[in-house]
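The values are calculated or read from the model by the stated rules, or taken from the named source; none is laboratory data. Given the structure is predicted, the values throughout are model-derived calculations rather than measurements. So basically every Cβ, Gly included, is an ideal-geometry build from the backbone, and we count neighbours across all protein chains shown.
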DNA sequence: CTTCATGCAAAAAATTTGCATTTTG
DNA sequence: CAAAATGCAAATTTTTTGCATGAAG
């Protein structure tokens, strides 16, 4: 844990859901918070740097309970492993098909619901695939 | 194959991509077309009714090549196995969180791209989760 | 008759489970 | 202390691969 503030913040997330505060859970949360979106393997690789003896089973179990408790949110992307992020109200993502980076988007997605009449809506999930500005030059070069 | 028309239609999809027309591939395509969205297991279960000796490996290989060729499209849904559908221009889906049914939506999703400036866009994928009209009564009953 | 697809069995990868031990509140 | 979480190993499930055989163009 880097500092007291982040420790308290992450700890509270768990306490609010009546989940015990363990070193492993704090590591998982802190890495997901730091990197935004991680899949199980990325998480395992990063955790073991600081904490070499965590069990993969523990990560699976914790991801699962945190999903059930709404602490985490899963982001399923075409052609990649499912990523996990801290739950927020926004669920729009931009995925660069070149570098695979994922960016959170703070856009209003409710416009897609105009004239929607198939039922009541719980949430809207938007994935935009494309080429990010950083990768744009690489592509242009390939084509020329 | 039900009839000549559907046979020709599905066959053409394969021919256009220089893929050999096999009984197995036609079955896969015809079931996906009939049911709209199927995951590997559903596909396997339905195929083996008509054609008991297909290998699961064949299904995996074919789904994979058809994805590469753009014939199929994968729909990754929260809390469920990835489903496959015939590729179309629209990529908006409504998923009922009660009965898990998936409906294709013919809505305009480009409105989410207003003011979008993170890069060039290749495709937009929209998932709307909620309760379909058919399941609405069941829910109201539970609450009362 | 050449190329590609299939099916099998085996291998590899991903995920889940049971249980003894440890940690948290 | 009691309840819950961890870690390990084993079990299960999911997906991939190699290769001999068979079918398609």
**OP:** Could you list, in sequence order, all residues of the stretch B:97-115 that are more than 8 Å from chain A (Cβ to nearest Cβ), free of Cβ contacts under 8 Å to residues at least 24 places away in the same chain and within 21 Å of residue B:76 (Cβ to Cβ)?
**Re:** B:100, B:106
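Can residue A:72 be described as closer than 22 Å to residue B:75 by Cβ, at pLDDT 90 or above and out of contact with any helix residue (DSSP H, G or I) (no Cβ under 6 Å at 6 or more places or on another chain)? Steps first, please.
On the way: closer than 22 Å to residue B:75 by Cβ: yes; at pLDDT 90 or above: yes; out of contact with any helix residue (DSSP H, G or I) (no Cβ under 6 Å at 6 or more places or on another chain): no.
Against the criterion (closer than 22 Å to residue B:75 by Cβ, at pLDDT 90 or above and out of contact with any helix residue (DSSP H, G or I) (no Cβ under 6 Å at 6 or more places or on another chain)), residue A:72 does not qualify.
Looking only at the stretch A:46-64, count how many residues are outside any helix (DSSP H, G or I) and surrounded by fewer than 10 Cβ atoms within 10 Å (Cβ to Cβ). Don't jump to the end; show me each part of the working.
Within the stretch A:46-64, the subset outside any helix (DSSP H, G or I) is A:51-55.
With the extra rule that they be surrounded by fewer than 10 Cβ atoms within 10 Å (Cβ to Cβ), the set shrinks to A:52-53.
Result for the stretch A:46-64: 2.
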**OP:** Could you look through the stretch A:16-32, keep only residues that are surrounded by fewer than 18 Cβ atoms within 10 Å (Cβ to Cβ), within 11 Å of residue A:71 (Cβ to Cβ) and more than 8 Å from DNA strand D (Cβ to nearest atom), and pick out the one that is farthest from the other protein chains (Cβ to nearest Cβ)?
**Re:** A:16
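Scan the stretch B:50-70 for residues that are over 14 Å from residue B:24 (Cβ atoms) and away from DNA strand D (no atom under 11 Å from the Cβ) and report the count. Give the derivation first.
Residues of the stretch B:50-70 that are over 14 Å from residue B:24 (Cβ atoms), as a first pass: B:67-70.
Still in the running and away from DNA strand D (no atom under 11 Å from the Cβ): B:68-70.
Residues flagged as over 14 Å from residue B:24 (Cβ atoms) and away from DNA strand D (no atom under 11 Å from the Cβ) within the stretch B:50-70 amount to 3.
Kindly state which strands (runs of 3 or more DSSP E) lie completely within the stretch B:78-143 and contain at least 3 residues that are closer than 17 Å to residue A:114 by Cα. Full working, then the answer.
Numbers: elements: B:83-86, B:92-96, B:102-105, B:119-132.
Of the strands (runs of 3 or more DSSP E) lying wholly inside the stretch B:78-143, those with at least 3 residues that are closer than 17 Å to residue A:114 by Cα span B:92-96, B:102-105, B:119-132.
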Subject >> Filter pass, residue A:2 being in contact with a helix residue (DSSP H, G or I) (Cβ under 9 Å, 6 or more places away or on another chain), more than 14 Å from DNA strand D (Cβ to nearest atom), closer than 25 Å to residue A:103 by Cβ and modelled with pLDDT under 95 >> reply: yes
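Can you confirm whether residue B:136 is out of contact with any helix residue (DSSP H, G or I) (no Cβ under 8 Å at 6 or more places or on another chain) and within 10 Å of chain A (Cβ to nearest Cβ)? Before the answer, list the steps.
Details: out of contact with any helix residue (DSSP H, G or I) (no Cβ under 8 Å at 6 or more places or on another chain): yes; within 10 Å of chain A (Cβ to nearest Cβ): yes.
When the stated conditions are applied, residue B:136 passes them.
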Original post:
Any idea which residue in the stretch A:70-84 is nearest to the other protein chains (Cβ to nearest Cβ), counting only those that are free of Cβ contacts under 8 Å to residues at least 12 places away in the same chain and within 11 Å of the chain's Cα centre (by Cα)?
Top reply: A:76
**OP:** Looking at (1) in a helix (DSSP H, G or I); (2) more than 9 Å from every other protein chain (Cβ to nearest Cβ); (3) under 15 Å from the mean Cα position of the chain (by Cα), find the lone condition where residue A:67 falls short.
**Re:** (2)
Original post:
Of the residues that make up the stretch A:4-15, is at least one assigned to a loop (DSSP other than H, G, I, E, B) and at negative phi?
Top reply: no
